[in-house]
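The values are calculated or read from the model by the stated rules, or taken from the named source; none is laboratory data. Computed from a prediction, not measured in an experiment: that's the story for all the values here. Here the Cβ positions follow ideal geometry from the backbone for every residue, glycine too, while neighbour counts run over all protein chains shown.
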Amino acid sequence: MRQPRDLNATSAAVLGLLHRIDSATAGELAREAEEQISPFWGITRSQIFRELPVLAQRGLVGSGRRGARGSVPYSLTPTGRQAFGEWLTGPPFPQQPRNELLLRVGFGRYINGEELTSLLDKHRAAHAERLAQYESALEQMRAQGLEPYRIVTCEYGVRYERMVLAWIDDLPSLLVPA
């Protein structure tokens, strides 16, 4: 059996969500993930459904009685709480960025200038929209007096989107050979 500290980020996200809400079905966790962590961590409904039985088998979550439509409530076990704590304070895993915009720009030599400009315009619009969403969410969070940990993760989103927009704006000058 793997040690609790061998959690991947997806497992840790599920444990963290359960830590926050105590007991939930996979569907409830998916809704909670959408609300709580989707701005900075993508986790799909199917990942949550696959992850919970694995976490249960490892003794990190317990499962309750099957309810309506076969839904099963899960809760964090003491071992799961410990594993989550170890993951939170443990060393970071190397992160491999997966950014579609960077991938496309990296292959930009294979499209003409008009297509590249159009692509960048579409990405700029999407990032500007996301920035507006983060700024609105941040304002609401501050007005509601939410915990500072949620506020600073949203602030990261604001800063990230501003950085991406500035980078897109600088691309024409960055792509001109020196």
Which residues, counting only those in the range 46-76, are under 24 Å from TYR149 (Cα atoms) and surrounded by fewer than 19 Cβ atoms within 10 Å (Cβ to Cβ)? SER75
Which one of these does GLU35 not meet: (1) closer than 20 Å to ILE151 by Cα; (2) touching a helix residue (DSSP H, G or I) at 6+ places or on another chain (Cβ under 9 Å)? (2)
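Right, ALA68: within 18 Å of GLU28 (Cα to Cα) and free of Cβ contacts under 8 Å to residues at least 12 places away in the same chain or not? Before you say what the answer is, go through the steps one by one.
On the way: within 18 Å of GLU28 (Cα to Cα): yes; free of Cβ contacts under 8 Å to residues at least 12 places away in the same chain: yes.
Yes; evaluated as a whole, the condition is true for this residue.
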Single residue of LEU101, LEU52, LEU76 found to be in contact (Cβ under 8 Å) with a residue 40 or more places away in the chain and under 18 Å from ILE21 (Cα atoms): LEU76
Over the range 1-31, the set of residues farther than 16 Å from PHE84 by Cα and at pLDDT below 90 is MET1
(1) surrounded by 13 or more Cβ atoms within 10 Å (Cβ to Cβ); (2) in a helix (DSSP H, G or I): which one isn't true of GLU34, the others all being true? (1)
Only residues that are surrounded by 11 or more Cβ atoms within 10 Å (Cβ to Cβ) and not basic (Lys, Arg): list them for the range 104-124, please. VAL105, GLY108, ILE111, GLU115, LEU116, THR117, SER118, LEU119, LEU120, ASP121, HIS123
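Out of PHE40, PHE84, I need the residue that is within 15 Å of the chain's Cα centre (by Cα) and either surrounded by 17 or more Cβ atoms within 10 Å (Cβ to Cβ) or closer than 30 Å to GLN140 by Cβ (or both). Which one?
Matching residue, one of PHE40, PHE84: PHE40.
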